[in-house]
Amino acid sequence: MGADPSVTRLYDRAAGRYDLLNNLISFGTSNWYRRRTILSLELPSDASLVDVGSGTGVLALAAQRFLPDSSQIIAVDPSPEMRAMASRAGVRDVRAGSFSLIPVEDSSMDAMVSGYAIRYVEHLSEAFAEARRVLRPGGRLVLLEMMVPRSPVPRRVLKFLICGLGSRVFSLACGSRATGELMRHFWDSISSFQSPDLVVESLKDSGFLDVEYRYVGGLLGEFRARVPVE
């Protein structure tokens, strides 16, 4: 269930243009939904939080802003270049890791967030067991993920927009061939991801409570859950 080395290398190559690409794809709304994610947790200002699959650290940075008294806000990612970008951006605690091994102590986190990383997990039950390990009783989990339509016609249109038009346009806009490769990989990864119902069932089977999937807008959805208070 560890990070795929070929995927890690792809993100390494695209790291320098990743935030620009994300802003272009989201039409400038990326900062809004990151801020919204942290605020929606309704955590005390000193809460601890880990961001798994943190990339350039944008969710962790939002947590540092909105949890100003926290002594533990940790960004975890398998890509060395992404971790370097996160550190340069101002994330205070950046560590190597993934959903297969989250490098924090047992029952030490009040919340876990993740943006577009759960789709890379081979066995959801193992990833969610690891999430349970690091979260405290009552701890909260939010997983942001992209979901594509199941109907054939919308899927074909979306594939053309992402793999065909998007990979060319965004490569030119970002000045990097790696962003085009990332766009094509982006389609492959989101189009093969589990249905929301299967993810919800896996969270429930892993012992999480108040499990739900929320549609946010566009392709964006989120899975939310909490650890039981024992």
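From the set of residues in the stretch 107-148 that are in a loop (DSSP other than H, G, I, E, B) and of a type in the set (V, I, T), which is farthest from G97 (Cα to Cα)? Only one residue fits best here, namely V148. Regarding S167, is this residue in contact with a helix residue (DSSP H, G or I) (Cβ under 8 Å, 6 or more places away or on another chain), among the hydroxyl-bearing types (S, T, Y) and modelled with pLDDT of 70 or more? Against the criterion (in contact with a helix residue (DSSP H, G or I) (Cβ under 8 Å, 6 or more places away or on another chain), among the hydroxyl-bearing types (S, T, Y) and modelled with pLDDT of 70 or more), S167 does not qualify. Only residues that are surrounded by fewer than 18 Cβ atoms within 10 Å (Cβ to Cβ) and part of a loop (DSSP other than H, G, I, E, B) were counted across the stretch 39-55, and they come to 4.
Restricting the first member to the stretch 101-121 and to residues that are surrounded by fewer than 21 Cβ atoms within 10 Å (Cβ to Cβ), and the second to residues that are at pLDDT below 95 and among the charged types (D, E, K, R), the beta-carbon pairs closer than 8 Å and six or more apart or on different chains are Y116/E145; R119/E145; Y120/D4.
Looking only at the stretch 190-212, decide whether some residue is assigned to a helix (DSSP H, G or I), of a type outside the set (V, I, T), surrounded by fewer than 18 Cβ atoms within 10 Å (Cβ to Cβ) and modelled with pLDDT under 75. Looking through the stretch 190-212, at least one residue is assigned to a helix (DSSP H, G or I), of a type outside the set (V, I, T), surrounded by fewer than 18 Cβ atoms within 10 Å (Cβ to Cβ) and modelled with pLDDT under 75.
The values are calculated or read from the model by the stated rules, or taken from the named source; none is laboratory data. Keep in mind it's a predicted model, so treat the numbers as computed, not measured. So basically every Cβ, Gly included, is an ideal-geometry build from the backbone, and we count neighbours across all protein chains shown.
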